[in-house]
Every structure is written in structure tokens, then in C-alpha cells.
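The values are calculated or read from the model by the stated rules, or taken from the named source; none is laboratory data. All of these numbers come straight from a predicted model, not from anything done at the bench. Because the Cβ atoms are built from the backbone with ideal geometry, glycine has one as well, and the counts that use them run over all protein chains shown. Note: areas computed on protein heavy atoms with side chains; ligands, DNA, RNA excluded. Shrake-Rupley method; radii C 1.70, N 1.55, O 1.52, S 1.80 Å.
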Amino acid sequence: MTTTTTAPMHTSSSLRVIVAVDAESAARMAAERISALIRTRPTAVLGVATGSTPSPVYRALQTLRRTEGLDLTRASAFALDEYVGIDPRRSQSYRSVIDAEVTRPLGLDPLRVAVPDGSAPDLVEAGRAYEEGIRSTGGVDLQILGIGHNGHIGFNEPGSAHDSLTRTVDLTPETREANARFFDGRIDQVPTRALTQGIGTILRAREIVLLAFGPGKAAAVARALEGAIERSSPASALRKHRAVTILLDKAAASMLG
Ligand code: PGA
């Protein structure tokens with residue numbers, strides 16, 4: 001992608017792993033890939049993730065907007081997931097996070113940015129409608145992903161079917177503990193369920209860029225890339241996809257063989 005990397009450590013026809021010199025440079029590569037896509041296709045559909053990992057990608061996109069006139073006004077975006085039952089106006093809701101980190105700073109049209117409706121009275125219908133919304137835009141062109149310590153993608157916890165679609169899931173205690181930092185450190189405040197795109201939904205994106213930073217992600221990354229492709233390893237499903245780029249810092253790559 002750029003010359004600021006070491007050589008790809010693992011290359012197949014479909015999945016490449018790039019170890020960047022640091023997280024900022026990995027994030028810049030992801031942003032440059034999005035920017036290249038938007039230049040060729042201004043109406044592209046982006047899949048956007050929340051959490052700490054993608055934040056530097058969104059900041060790098062802000063820089064490209066300022067310095068190179070990156071124009072996302074005609075792009076669409078679909079978020080991966082939302083907590084069930086959270087007031088969407090609360091700062092911890094993924095609706096608020098996407099507004100604050102993606103929609104407003106990057107100048108997307110709010111009408112073209114969708115987040116699963118975790119407050120819907122009928123969550124089965126909300127999941128179905130979300131799938132339909134993605135389909136009706138023509139599908140996601142490029143999906144940005146993080147990975148959980150337990151290998152989850154979106155909120156698809158271990159055990160999720162690799163062909164699952166948007167649905168409600170129970171969050172594992174470790175995921176709730178990892179996210180307690182967004183709730184003043186109080187795990188009891190972290191919702192217990194989420195409405196998430198399924199692994200099958202994610203795999204329909206035409207291109208996927210997963211980022212992982214820090215030593216805490218090393219085991220999950222190694223298992224996803226080098227362990228068995230199985231339900232207990234949600235991110236291993238990415239190896240079934242034909243266009244995946246994994247962008248790592250050195251610490252997140254440290255357990256790869
Ligand atoms: P994080 O979360 O980026 O906040 O570490 C990643 C994830 O859980 O998918």
C-alpha cells in the first residue's frame with residue numbers, strides 16, 4: 001500500500017497482512033485506501049466501526065479532507081452495531097460515536113449514515129430492515145473493522161455463525177469489561193445486548209480492512225490468521241473473503257508465526 005511498512009508477513013491471493021511502523025501510519029494507510037475509493041467512486045458505501053481502533057483512521061480522513069479536499073458528501077455509511085436499549089442521544093451510544101467521529105467531522109450527509117436501531121420495539125424487524133438498507137444501497141464497498149480481545153468482529157462473539165446476519169446478541173463479560181472504559185469504568189452500566197451486523201453481513205462487503213493495535217490484540221490476531229477457521233474464532237471467517245487487508249502495528253503482529 002505504501003512504503004512506510006515492513007514487507008507483508010503473510011500473503012495469499014485474498015488476504016494480506018501489513019505491519020506498519022506504528023498505529024498512526026497503519027491508520028493513514030486505511031484512510032488513503034478509503035480516499036482512493038472515493039476518488040473513483042464518490043458515492044461509495046463505507047462500513048464503519050466504533051471503538052478505539054478506528055479513531056485514528058477517522059482522524060487521518062479529516063486530515064485528507066483538509067489537505068486534499070477529500071469529499072465524502074455523496075458517500076454512504078453503515079455502522080456495524082449498536083447497544084440494545086441505549087438512548088441514542090447518550091454519548092456512549094454508537095449512534096452518537098458515529099455522529100461525533102464520522103458523520104460531522106468528515107462531512108457525510110446524516111441521511112446517508114445508518115446505525116442499527118438498538119431501541120426499536122421489534123429488534124428482529126430492525127435487523128431485517130438494516131440488512132435491506134445495506135442491500136438497497138448496492139452493498140458495502142469497503143468495511144473498516146477492529147477486532148476484540150476474544151476475536152469478535154462487530155459484536156459477533158465467539159460461537160457466532162459465520163453466515164449470521166444482523167441480529168441481537170448477548171455480550172460476553174469480557175466484552176462488557178473491555179467497554180466499561182466508555183462508561184466511567186462501570187461494567188454494570190454497559191448494556192448486556194447489542195444489535196450487530198452478522199459475520200455473513202460483514203463478509204458481503206466487497207473489501208475489508210481490519211486494524212489491530214497493541215499487545216492486547218496479538219493473540220486474537222494470531223488466532224484469526226493462523227488458527228482454525230471455526231465458530232469459536234469469529235475473525236477467522238475473514239479468511240473466506242477474497243479481498244481483506246489486515247493492518248497491524250508491531251505489537252499486534254508479535255504473535256504471528
Ligand atoms: P477497540 O474494540 O477498538 O476499542 O479495541 C475493537 C472491537 O471490539 O472490535
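One table, with the values for the structure above:
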{"read-out": "Under Karplus coefficients 6.51, -1.76 and 1.60, residue-wise ³J(HN,Hα) of the range 208-225 in Hz, glycine/proline x", "value": "10, 10, 9, 10, 8, 10, x, x, x, 9, 4, 5, 5, 5, 5, 5, 4, 8"}
{"read-out": "Whole-Hz couplings from phi, Karplus 6.51/-1.76/1.60, listed for the range 132-137; x for Gly and Pro", "value": "5, x, 5, 4, 6, 8"}
{"read-out": "Surface per residue (accessible, 1.4 Å probe) for the chain, Å²", "value": "43 Å²"}
{"read-out": "Separation of alpha-carbon centers, the range 111-182 and the range 48-76, rounded to whole Å", "value": "21 Å"}
{"read-out": "Phi to ³J(HN,Hα) by Karplus 6.51 cos²θ - 1.76 cosθ + 1.60 over the range 22-27, Hz, x for Gly, Pro", "value": "7, 4, 4, 6, 4, 5"}
{"read-out": "As computed over the range 114-187, the Cα convex hull volume per residue (Å³)", "value": "122 Å³"}
{"read-out": "Radius ratio Rg over Rh of the range 100-248, counting only Cα atoms, Kirkwood formula for Rh", "value": "0.95"}
{"read-out": "Relative contact order (%) - criterion: Cα under 8 Å, at least six apart; region: the chain", "value": "23 percent"}
{"read-out": "Residues with amide H under 5 Å from that of Leu145, placed H, sequence gap 5 or more", "value": "Val209, Leu210, Leu211"}
{"read-out": "Cα→Cβ-extended label distance, 7 Å offset, between Arg104 and Ala129, nm", "value": "2.5 nm"}
{"read-out": "Label-point separation in nm, Ala120 to Lys250, each point 7 Å along Cα→Cβ", "value": "4.6 nm"}
{"read-out": "P(r) tail fraction, the chain - alpha-carbon pairs more than 31 Å apart, %", "value": "18 percent"}
{"read-out": "Extension gain from Arg90 to Asp170, taking 0.36 nm per residue of separation minus the Cα-Cα distance", "value": "26.8 nm"}
{"read-out": "Potential lengthening between Asp188 and Lys240 on full extension [0.36 nm per residue; Cα-Cα distance subtracted]", "value": "15.1 nm"}
{"read-out": "Beta bridge orientation in the range 3-241: antiparallel %, DSSP, nearest 5", "value": "50 percent"}
{"read-out": "Rounded if a/c under 1.5, otherwise prolate or oblate - the range 30-74, Cα gyration tensor axes", "value": "oblate"}
{"read-out": "Apportionment of accessible area to carbon and sulfur, the range 3-241, percent (1.4 Å)", "value": "51 percent"}
{"read-out": "Percentage, to the nearest whole number, of Cα pairs in the range 51-152 over 19 Å apart", "value": "48 percent"}
{"read-out": "Amide hydrogen neighbours beyond the local backbone of Ala114, cut-off 5 Å, H modeled", "value": "Ala77, Phe78, Ala79"}
